[in-house]
Amino acid sequence: MLWDSISHIALPALALAANSAAIISRLVRASMLEVLREDFVRTAYAKGLRRGRVVVRHALRNALLPVLSVIGLRFGALLGGAVLTESIFARPGSGQLTIAAISQRDLPLIQGIVLTFAIVFALVNLVVDLLYAAVDPRIRLG
């Protein structure tokens, strides 16, 4: 099979992303509804700011903090789901390599894959922590 076009990636990507997209969209909605009831949002409206500016500049920035946390954690689920998705769709990648290493009992390769996944997961969570400071100026680094 050739995997040279975007159409060959669409279904595996949809299978991986559907669960995370549902969870993240529900969280964004709940977080926005909660933030839009806060006093600072009413104050922004009272100052005469337009609805779009209040929602994007004030509410969305405060609503993104829990969403960023969940996105960072969901990345780990995507790494684990990639193993299953690559097997189902016969897509070559780290998932196929992991399954081959497990079936052949190649312990050094399994350790290398797990270490690589752990480092990538830690780096993603570091980026999420750095994004906290970019989204919310009250959070200081260091």
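The values are calculated or read from the model by the stated rules, or taken from the named source; none is laboratory data. What you see is a predicted model; the values in this text were computed from it and never measured. Virtual Cβ from ideal backbone geometry, glycine too; neighbours counted across all protein chains shown.
Quick look at the values:
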quantity	calculated
Number of positions in the range 72-113 that are basic (Lys, Arg) and at negative phi	2
Set 59, 82, 15, 44: member being surrounded by 13 or more Cβ atoms within 10 Å (Cβ to Cβ), within 21 Å of residue 125 (Cα to Cα) and either touching a residue at least 12 places away in the same chain (Cβ under 8 Å) or in contact with a strand residue (DSSP E or B) (Cβ under 6 Å, 6 or more places away or on another chain) (or both)	82
Selected residue (only one of 91, 138, 105 is at pLDDT 90 or above, more than 18 Å from the chain's Cα centre (by Cα) and not in a helix (DSSP H, G or I))	105
Matching entry among 61, 29, 42 (being within 25 Å of residue 139 (Cα to Cα), in a helix (DSSP H, G or I) and modelled with pLDDT under 90)	61
Search result, residues across the range 47-56 that are in a helix (DSSP H, G or I) and surrounded by 15 or more Cβ atoms within 10 Å (Cβ to Cβ)	54, 55
Residues satisfying the stated conditions in the range 17-48, i.e. acidic (Asp, Glu) and closer than 18 Å to residue 69 by Cβ	34
All positions within the range 18-41 that are closer than 30 Å to residue 90 by Cα and either among the polar types (S, T, N, Q) or surrounded by 12 or more Cβ atoms within 10 Å (Cβ to Cβ) (or both)	19, 20, 21, 23, 24, 25
Set 56, 124, 114, 120: member being modelled with pLDDT of 90 or more and under 30 Å from residue 35 (Cβ atoms)	124
